Structure formats: C-alpha cells, structure tokens
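The values are calculated or read from the model by the stated rules, or taken from the named source; none is laboratory data. It should be emphasised that the depicted structure is a prediction, and the values quoted were computed from it without experimental measurement. Methodologically, a virtual Cβ is constructed for each residue, glycine included, from the backbone with ideal geometry; neighbour enumeration extends over all protein chains shown.
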Amino acid sequence: MAKILITGGAGFIGSNFVHYYYGAHPEDEIVVLDKLTYAGNLANLAILEGQPRYKFVEGDIADQKFVADLFEQEKFDVVVNFAAESHVDKSIEEPGIFIETNVLGVNNLLMACKDNGMIRFHQISTDEVFGDLGDTVGTYFTEETPYDPSSPYSASKASADMLCGAYFRTYGLPVTISNCSNNYGPYHFPEKLIPYFYKRARQGQNLPIYGDGTQIRDWLYVEDHCTAIDAILQKGKIGEMYCVGGNNEKQNIEVVKTILDYLGKPYDLITFVEDRAGHDVRYAIDASKIKRELGWSPSVTFEEGIEKTLKWFDENEAWWKNLEAQHNKE
C-alpha cells in the first residue's frame, strides 16, 4: 500500500487522474492538494467525499512552510504534480503568478521530496515548452527537441522541468516528466477551447477564433493521458522525459466546426479576431518512446473522444453553469 499526493487534483486533468487512480489502485491511499483557485473545483471530486482512501487538503504549493509541514505530517510515497497556472492569455496579462506557482511551487515540492526520504516525483508538463513547429509538415516534438517556449506560461513550465532535471542530477531525486499535448474530456474548465466554444454555441453566441483558425494542436483524450501517467509511474525510467500525444492533429477551426455540427448550429456563428501575441502555429507529439519502452498508446480517437466529451457537457449542464455563475460573481 502506498500513499500518493496528487497536487492540483481538483482541476481538470488532475481530477480525472484522481478518479482513474482511485479505481485502478484500490490498495493505495490518495491525498489531493489544491489551492482551489478559479480552476479548482471540489465538485469534480464530490463522488469521493467520505471515502476511506481519499483525503482532500486545501493549500498552496507556493507556500514553502505549508508544503514542508504537509510532507512531514503525511509521509507520502509518490507525488504527481498537476498544480499549475495554465491559461496562456492570463500568463500574458499576469506573468508573475505563473512564476509563483509553476516555478517556485514546483521547487517547494521538489525540496520537500528531497528532505523527506527522496520521494518519487512526477511532473506533468506540456508540449508548449518546445515552442512552435510552424507549418512544416512531418515534423514532431520528441524528447530530444530543445526547449523554446513562446509565452510566460510555457516558459514557467519549461523552468519547472529544468528544476526537476536538476534535482535528479544533483541530488539523485527519483523524478520523471511527461510532456503532453492538448487534453480534452470531462471536467474541462470552461475557459479552454472546447468547453468555451461549446457553451457559447449552445447559447447562440458568436465564437471568436484567433487569427484564421488554422493553428494545429494534437488532441489527447484525458483518460488516455491518465493511463500514460500511470504507465510512467509503474514502469518509467527515473530521470527520463516521456512525450504523450493523441495522434489527433486538428486545426482549431476544425474543432469548432465539429462542436457546431454536434449542436446543429450554423457556421456563421464563427467570427475571426486579432491573433494572440506570440501564438504558436502548430504542436504535434511523436509518442513513439513511451509506446516502445512502456507499451502505451492512445486508445481514443478524436471522433470518439469529442462525442464523449460533448455528451458529458450535455449531461452535466449544472456543473458548467455553476462555474459560469461563480465566475460572473468575481
């Protein structure tokens, strides 16, 4: 039996991983740590409340004393860090909070792992640390791709990854990193592309797309991401990075049209707005290393995953409307 700390576990990907891990590892105890910022939502974890193997702790990974005290009290065996500020537009407006959480917060976690028996640490990163593939066909991010972040968000995540590597090389801390492509699925926070445009299209509002909408992203269904993380925890080589992708490259305009088709809404809801500053053209992952070494590959196509996701939003209208109401109060 192991005790695992899942930071950022009330957020989108984190909460999906909590549910996945709780079912996949019935012998383990789960502690979820979350600051409960606007993107953290206890409703994502409501079904686990009162369960004997589950505990929720509210707190901030950027608070060094809090983190140190928590690690001393709980005696963790494994830490998986999802806690992050992750919205690119917000990082352009307020870069400082991204440094606090994504860099200083990660350093606090790494120090606590080092000081409490060299606890196994896994860092959830992003393909955005690699920068922009441009419009070059047939090129992909791999574990060997140099970091070249474009936004304060991706720069802060790149910094965290570098810290993880440094703690492995300097102290021998058992660290792994996964760099994943765009996730989608249940509990996806409404500021992100798919839920944002779903909500607006449902309400008959215009859909503002940056530039010409031809930016390309590789879409990974969130449950596939969860199984990849688990494979890395169980079989991954310490000190290694693993790129995790969905093999589902789509232009933003394609994704939006898929949402409109699902809802039976007209394409004339689409409007084009000035492009985001420093907007990367294309991200795409070569996930052959994790397939070759750990036997993992994505199991959900984009067509399957987007239908499951949009149906989930249909069936959980109260969930996203509550978040919308809370946001409007702030």
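For this structure, a couple of remarks:
- Complete set of residues in segment 30-49 that are buried (at least 18 other Cβ atoms within 10 Å of the Cβ) and either free of Cβ contacts under 8 Å to residues at least 12 places away in the same chain or part of a strand (DSSP E or B) (or both): 30, 31, 32, 33, 34
- Count of segment 84-112 residues, restricted to those that are outside any loop (DSSP other than H, G, I, E, B) and surrounded by 24 or more Cβ atoms within 10 Å (Cβ to Cβ), is 6.
- Counted residues, segment 18-29 - those being over 14 Å from residue 47 (Cα atoms) and either of a type in the set (A, V, I, L, M) or buried (at least 23 other Cβ atoms within 10 Å of the Cβ) (or both): 1
- Residue within segment 257-274 that is farther than 24 Å from residue 89 by Cα, at pLDDT 95 or above, within 18 Å of the chain's Cα centre (by Cα) and in a helix (DSSP H, G or I) present: no
- Applying the criterion of being in a helix (DSSP H, G or I) and in contact with a Leu (Cβ under 6 Å, 6 or more places away or on another chain) to the residues of segment 164-197, the residue that is farthest from residue 97 (Cα to Cα) is 197.
- Total residues in segment 64-83, condition of a type outside the set (Gly, Ala, Ser), part of a loop (DSSP other than H, G, I, E, B) and crowded, with 16+ Cβ neighbours inside 10 Å: 2
- Residue satisfying condition, being under 29 Å from residue 142 (Cβ atoms), surrounded by fewer than 22 Cβ atoms within 10 Å (Cβ to Cβ), of a type in the set (Gly, Ala, Ser) and modelled with pLDDT under 95, within set 211, 204, 172, 239: 211
- Criterion applied to 145, 126 was being within 18 Å of the chain's Cα centre (by Cα) and either under 20 Å from residue 225 (Cβ atoms) or crowded, with 17+ Cβ neighbours inside 10 Å (or both), and the one residue passing it is 126.
- Of the listed requirements (1) closer than 23 Å to residue 306 by Cβ; (2) out of contact with any strand residue (DSSP E or B) (no Cβ under 6 Å at 6 or more places or on another chain); (3) at pLDDT below 95; (4) not aromatic (Phe, Trp, Tyr), residue 186 misses just one: (3).
- Single condition residue 57 does not satisfy, out of (1) crowded, with 18+ Cβ neighbours inside 10 Å; (2) under 16 Å from residue 108 (Cβ atoms): (1)
- Test: residue in segment 85-92 that is over 19 Å from residue 149 (Cα atoms) and among the basic types (Lys, Arg): no
- Residue check, residue 92 over 26 Å from residue 237 (Cβ atoms) and more than 16 Å from the chain's Cα centre (by Cα): yes
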